[in-house]
Every structure is written in structure tokens, then in C-alpha cells.
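Inspection log for the structure reproduced underneath, given as C-alpha cells.
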Amino acid sequence: MGAFKGAGRLGRGGALRRSGAGRAAAALGGIGLLALGVVAAAAVPAWQDDMAAADDLTRQALVGPRNLTCQRIVVLLDQSGSMTEFAQVRSDAMATLANWAPANLRGTDQLAVVRWADTAATDAAPTDVDALTPSTLTVGSSDVGGGTELGPALDEVAAMAASPCRTSLVFISDGQIAAADAARVDASLQAAGVDGVSLVLPNATAAPDYWMQLFPYSTTFHADPNNPNQTARALGQAIAAATGQQLEVTR
């Protein structure tokens, strides 16, 4: 009876000894199984990828027409006691924004950063998008107190150099602010040429009533305060509101 050649042969003790061709086939088979395992491990369900993309500003772009006027976007970071634990998340979100902006805003658009609590400090003066670097929007660490006085923040904005751009304010805050003089608030906004206000809330609740009394025209967005991707994406939504565009997932 003929034997199958090349698959192997019995050695001492009856053990199967593979020939060179048999060993090669087994090795190739193992590689194939390993490759299948890698593919299976790397495959992400479409719904899961969609959810990840929805929270990731770097996978989204501004689309749609916008007016010819440049935009100055001032991000105001609430450093009060209720928001200090989220400082690193906001810093990471600002770094993401600095990397995302050049591909989505015009070179003559401007970004600025102000921190505020009892007092306020400008961490990044208005900077053309064309001149942005990864460190431009770095958030400072100087002490601005633990309260939520709106006046000093708006004074910082009003003191910025004049610009032909339209100015929009984007607050990252829980909206729990101290009592403010409404007339002073309106005067500061007019002095700075502000024509849009957005609030990024660190939860899914509505903006506080007092906030809406001061800014009845403001738009509100939400983000998990512990998630820098969601926070950056909420910033992108606020910018889209300022430019009159939409954010779309680009993969």
C-alpha cells in the first residue's frame, strides 16, 4: 500500500516526524491563523466606530457656506472651584483645537483664550489661525481665584486689540456665575464687538436660569467634563454656530 509522501513519517517510539514540506505547511497554516486573529481583533463594529467619530473633533470638519467676514473666537475657561478638577481635560481640548483649526478655519480667523474666576487672565491673545502653533493655546496656571465673577472676564475681552472680525465668545463653564450688573455686561459685550455667545456645559442639563437671563440669545452645548474629545468636539460645535456652518464626520 502506497504511503503519502511529504506529510511526515514515524520516528522512534512511533512519534510523527514531519518532513521539510510538512513543517513548512504547518508553519504557513499557523501564520494564516495568526493573521486571521489579528484581523478579527482589529475589526471594530461600524456602530462603535460611528460613536467614536461622533465624539472626536479630529474626525470632523466644518462644512457649508459662511460669510466673508473673519471670525474672532475667544474661549473663556471657568477656573472657579467647581471647575478646577477638569483643568487638564480643558487643556487637552485646547491642544486639539489648535491642531484642528488650520484645516477648518480661515487663515485670518483668530483664536484667543481667557481664564476667569474672581479675576481673569489672557493666556492667548487673539492669534491668526495662520500663525497658530501647537503651544499657542496653552492654558496658564496662575491663580485667578475660586469665584465666578463675569466682569473681569469680559473686561479682558474688551481690552483686546480692535479687529475687523466678528467676535464670538465660547464659555466652558457650568454657568453658575455670581450676580452681575446686566448693564455692565451689555456694555462690555458692545465694547468688544461681541455678536455671539455659546456655553459648553460639563453635563447634560440646561443652562442655569440666571445665565439665560444675562445671555438669552446664547447657544448651549454639552460634553462629559472628564472627556477631552467630547470637550473639543463641543468647542467645534460652538465654532460652527459662530461661522454658520455644520460639523460633519469625515472619518
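The values are calculated or read from the model by the stated rules, or taken from the named source; none is laboratory data. Since we're looking at a predicted model, the values are computed, not measured. No Cβ is skipped: glycine too gets one built from the backbone with ideal geometry, and neighbour counts run over all protein chains shown.
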Self-check item: Sole residue being in contact (Cβ under 8 Å) with a residue 24 or more places away in the chain, farther than 20 Å from Ala240 by Cα and of a type in the set (A, V, I, L, M), chosen from Ala121, Ala93, Ala101, Ala131
Solution: Ala121
Quiz prompt | Count - residues of the stretch 52-71 that are modelled with pLDDT of 90 or more and over 17 Å from Ile172 (Cβ atoms) | solution = 13
Exercise. Answer yes or no: is there a residue in the stretch 201-213 that is touching a Lys or Arg at 6+ places or on another chain (Cβ under 8 Å) and in the same structural domain as Leu111 (by TED's automatic domain parsing).
Key: no
Quiz item: Which of (1) crowded, with 18+ Cβ neighbours inside 10 Å; (2) touching a Leu at 6+ places or on another chain (Cβ under 9 Å) does Ala87 not meet, given it meets every other one?
Solution: (1)
Quiz item: From the residues in the stretch 206-234 that are part of a loop (DSSP other than H, G, I, E, B) and aromatic (Phe, Trp, Tyr), which one is modelled with the highest pLDDT?
Solution: Phe215
Exercise. May I ask you to list pairs of residues, at least six apart or on different chains, whose Cβ atoms are under 9 Å apart, with the first in the stretch 171-199 being assigned to a strand (DSSP E or B) and the second being basic (Lys, Arg) and surrounded by fewer than 21 Cβ atoms within 10 Å (Cβ to Cβ)?
Key: Val194/Arg166; Asp195/Arg166; Gly196/Arg166
Quiz item: Can you tell which of Ala54, Ala121, Ala117 is out of contact with any strand residue (DSSP E or B) (no Cβ under 6 Å at 6 or more places or on another chain), among the small types (Gly, Ala, Ser) and either within 22 Å of Gly147 (Cα to Cα) or not assigned by TED's automatic domain parsing to the domain that holds Ala223 (or both)?
Solution: Ala117
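Can we say Asp130 is more than 15 Å from Pro228 (Cβ to Cβ) and either at pLDDT 95 or above or assigned by TED's automatic domain parsing to the domain that holds Ala241 (or both)?
Judged against the criteria, Asp130 is a match.
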Exercise. Any residue in the stretch 204-215 that's within 12 Å of Ala178 (Cα to Cα) and of a type in the set (A, V, I, L, M, F, W, C): show its pairings with residues that are modelled with pLDDT under 95 and surrounded by 14 or more Cβ atoms within 10 Å (Cβ to Cβ) at Cβ separation under 7 Å, as long as the two are six or more apart or on different chains.
Key: Trp211/Gly175; Trp211/Ile177; Leu214/Ala180; Leu214/Val185
Exercise. Please work out if Gln237 is within 20 Å of Leu62 (Cα to Cα) and either in a loop (DSSP other than H, G, I, E, B) or touching a residue at least 12 places away in the same chain (Cβ under 8 Å) (or both).
Key: yes
Practice problem: Would you mind finding the one in Asp49, Asp78 that is modelled with pLDDT of 75 or more, surrounded by 11 or more Cβ atoms within 10 Å (Cβ to Cβ) and either out of contact with any Ser or Thr (no Cβ under 8 Å at 6 or more places or on another chain) or more than 19 Å from Trp100 (Cβ to Cβ) (or both)? | Solution: Asp78
